[in-house]
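Below is one structure; the comments refer to it alone.
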Amino acid sequence: MKRKIKGKTVLLATHNEGKVEEIAALLGPLNLNLVNAKQLQLVEPKETSNTFAGNARIKAHAAAKTTNLPALSDDSGIEVDALDGAPGVYTADWAETENGRDFIVAMEKTHKMLTGLGASPPWRACFRCTMVIAWPDGYDMIFEGKMEGTVVWPMRGSQGHGYDPIFKPLGSEITFGEMDRWEKNRISHRAIACEKFCAFFA
């Protein structure tokens, strides 16, 4: 039986305002009433899983249980083939410093590891996005998106966020970091996951 979203209200289980804006645009065709975790001052749960789906589930179920609303969360990251899929679920962790997250540090670490291994370009990689919608009764559904591409060096562009300046999507001559954010939003791994979500709930 197809699960429906009653009342059209969905909680986005994130405090990231940029992500809220992106997801709201991508889910526009469903005409949902979207609220987010920052607006409701929800505590962010610890992401203790070693999989994207596991971490997305933790966030979605915690938010749904707290608010009694269906809650949508995502977990995403970059996987580099020559690094056996790293950083993967630890994508944000590679950016952690004493002064907070610094993704230039993370990108430099990625390049250093690739050259340290003697891996030759092109360095194949992909961005993954796993979205989970959970209901207060504990039921959930998963929608996944994947964008293939390569890691490039040096960093290119100042748009986007995270590892965008070193990721060139398949078929493109520019990196996510050089791409207009709305153009990226149209083709990204998150866009692919949201497209599946919209198709299911249309």
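The values are calculated or read from the model by the stated rules, or taken from the named source; none is laboratory data. Just so we're clear, the structure is a prediction, and the values are computed from it rather than from any experiment. We place every Cβ from the backbone using ideal geometry, glycine too, and count neighbours over all the protein chains shown. Surface accessibility is based on the protein's heavy atoms, side chains included, excluding ligands, DNA and RNA. Shrake-Rupley method; radii C 1.70, N 1.55, O 1.52, S 1.80 Å.
A few remarks follow.
- Lysines whose Cα lies under 18 Å from that of Lys6, excluding same-chain neighbours fewer than 8 positions away: Lys65
- For the chain, the dipole from Cβ point charges (+1 on Lys and Arg, -1 on Asp and Glu) about the Cα centre works out to 760 debye, to the nearest 20.
- Whole-number percent relative contact order across the chain, with pairs defined as alpha carbons under 8 Å at least 6 apart: 19
- Against the criterion of solvent-accessible heavy-atom surface with a 1.4 angstrom probe, Asp84, Asp93, Asp140 sort, most first, into Asp84, Asp93, Asp140.
- Of all lysines in the structure, those lying under 21 Å Cα to Cα from Lys168, and not within fewer than 8 positions of it along the same chain, are Lys19, Lys109, Lys112, Lys146, Lys184.
- Largest GNM mean-square fluctuation across Gly118, Gly145, Gly177, computed for the chain with C-alpha springs under 10 Å, falls on Gly118.
- Simple rule: put +1 on each Lys or Arg Cβ and -1 on each Asp or Glu Cβ in segment 62-202, find the dipole, and look at Ala125, Phe197, Gly157; the Cα lying farthest toward the positive end is Gly157.
- Per-residue Karplus couplings for segment 71-88, computed as 6.51 cos²θ - 1.76 cosθ + 1.60 with θ equal to phi - 60°, are listed in order as 10, 10, 9, 9, 9, 9, x, 9, 10, 10, 4, 5, 9, 6, x, 6, x, x Hz, Gly and Pro entered as x.
- Here the Karplus curve 6.51 cos²θ - 1.76 cosθ + 1.60, taken at θ = phi - 60°, turns the phi angles of segment 140-152 into couplings of 8, 9, 10, 10, 10, x, 9, 10, 7, x, 9, 7, 10 Hz, with x standing for Gly and Pro.
- Per residue, segment 1-110 exposes an accessible area of 56 Å² to a 1.4 Å probe, with every protein chain left in place.
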